[in-house]
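One structure below.
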Amino acid sequence: MSEDLRRAELAAALARARERVAAAEAAAGRVAGSARLLVVTKFFPAEDMARLIDLGAAEFGESREPEAGRKVAQVREQLPQAHFDVDMIGSVQRKKAKTVARWARRVQSVDSPELLQALAMAAGRSLEAGERPGPLGVLLQVSLDGDPARGGVPESGLAALAEQVVAHDGTLTLDGLMVIAPLHGQVHDHLAHAQEIAERFRVEFPDARELSSGMSGDLEAAIAHGSTCVRVGTAIMGPRPITSP
Ligand SMILES: *Cc1c(COP(=O)(O)O)cnc(C)c1O
């Protein structure tokens, strides 16, 4: 596809996604801009991320290391003046913590004490080396149904992990919770459940304001249920290329 066609396609899809977010905020009686739009660029090339930055997108989600780190480095080299942030939204192996801490603003998929420990060490080293501008943001991933394949911890495990984040003050910040709605059941019920969990969590950890929920197919429902961050891939990028696992 020619450069101009792809750019026009991304421009139109980004505008549509922004309209959907704005309409959902209005329908829920929420302040405009209270749900951020994270563009999920996983499996798409650095050139697409650069096009989106040029179109005004500034927040991205990536899910696979080392591809993500390479892509971010390539875009930073290509556009040294650009301001953009990239969150890790996919599961992170402990041995990848070191490289993820170099490029990620936040890790949204933290669900074990071991991973947290590895991220704290990696973020500490990265800060010392001047590789990152500030602490690594942490979102704890909540499991709504206990399915280990989708990751996350049950609500009962959140407080202990949160205390562990708080203990690394200066290196990590506790930003909030992330949820991926289970495939079975009613998506509205799942997203409402996530909102209740987030509200209980904030009673104890009031700075953890982020609730990352909602993707291409359910962003309206997520915003109706308190999402502050929707992660949109397919609706902006188009269908992901099929890759081997
Ligand atoms: C891929 C991915 C998304 C984006 O999903 P779409 O349905 O393509 O919008 C959102 N969240 C996570 C955790 C993902 O891995």
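The values are calculated or read from the model by the stated rules, or taken from the named source; none is laboratory data. In this text, all values refer to a predicted model and were calculated from it rather than measured experimentally. Ideal geometry is used to build each Cβ from the backbone, glycine not excepted, and the neighbour counts take in all protein chains shown.
Some points to look at:
- Condition met for Ala120 (farther than 22 Å from Ala35 by Cβ, free of Cβ contacts under 8 Å to residues at least 12 places away in the same chain, part of a helix (DSSP H, G or I) and under 20 Å from the mean Cα position of the chain (by Cα)): no
- All conditions but one from (1) surrounded by fewer than 21 Cβ atoms within 10 Å (Cβ to Cβ); (2) of a type in the set (A, V, I, L, M, F, W, C); (3) under 17 Å from the mean Cα position of the chain (by Cα) apply to Ala129; the one that does not is (3).
- With respect to the conditions (1) more than 13 Å from the ligand (Cβ to nearest atom); (2) under 16 Å from the mean Cα position of the chain (by Cα), Leu38 lacks only one, and its number is (1).
- Filtering Leu211, Leu219 for residues that are within 14 Å of Arg231 (Cβ to Cβ) and in contact (Cβ under 8 Å) with a residue 40 or more places away in the chain leaves a single hit, Leu219.
Conditions (1) outside any loop (DSSP other than H, G, I, E, B); (2) under 23 Å from Arg106 (Cα atoms); (3) over 18 Å from the mean Cα position of the chain (by Cα); (4) within 14 Å of the ligand (Cβ to nearest atom), marked per residue:
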site: Asp175; (1), (2), (3), (4): yes, yes, no, no
site: Ala181; (1), (2), (3), (4): no, yes, no, yes
site: His188; (1), (2), (3), (4): yes, no, yes, no
site: Val230; (1), (2), (3), (4): yes, yes, no, yes
site: Pro241; (1), (2), (3), (4): no, no, yes, yes
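- Residue match in the range 23-31 (condition: β-branched (Val, Ile, Thr), crowded, with 18+ Cβ neighbours inside 10 Å and on the phi < 0 side of the Ramachandran plot): no
- Every condition in (1) among the aliphatic types (A, V, I, L, M); (2) outside any helix (DSSP H, G or I); (3) within 16 Å of the ligand (Cβ to nearest atom) is met by Ile236 except one, and the failing one is (2).
- Residue within the range 83-101 that is of a type in the set (Phe, Trp, Tyr) and part of a helix (DSSP H, G or I) present: no
- Of all residues in the range 203-226, those satisfying the criterion of being within 12 Å of the ligand (Cβ to nearest atom) and either closer than 11 Å to Val40 by Cβ or assigned to a loop (DSSP other than H, G, I, E, B) (or both) are Ser213, Gly214, Met215, Ser216, Gly217, Asp218.
- No other residue among Lys71, Lys95, Lys42 is over 23 Å from Leu219 (Cβ atoms), surrounded by 16 or more Cβ atoms within 10 Å (Cβ to Cβ) and either polar (S, T, N, Q) or at pLDDT 95 or above (or both) apart from Lys71.
- Scan the range 151-173 for residues that are part of a helix (DSSP H, G or I) and either surrounded by fewer than 24 Cβ atoms within 10 Å (Cβ to Cβ) or without any contact (Cβ under 8 Å) to a residue 24 or more places away in the chain (or both) and the total you get is 11.
- Within the range 55-96, if we keep just the residues that are among the β-branched types (Val, Ile, Thr) and away from the ligand (no atom under 16 Å from the Cβ), the residue that is nearest to Gly137 (Cα to Cα) turns out to be Val72.
- In the range 63-85 there is no residue that is touching a residue at least 60 places away in the same chain (Cβ under 8 Å) and under 19 Å from Cys229 (Cβ atoms).
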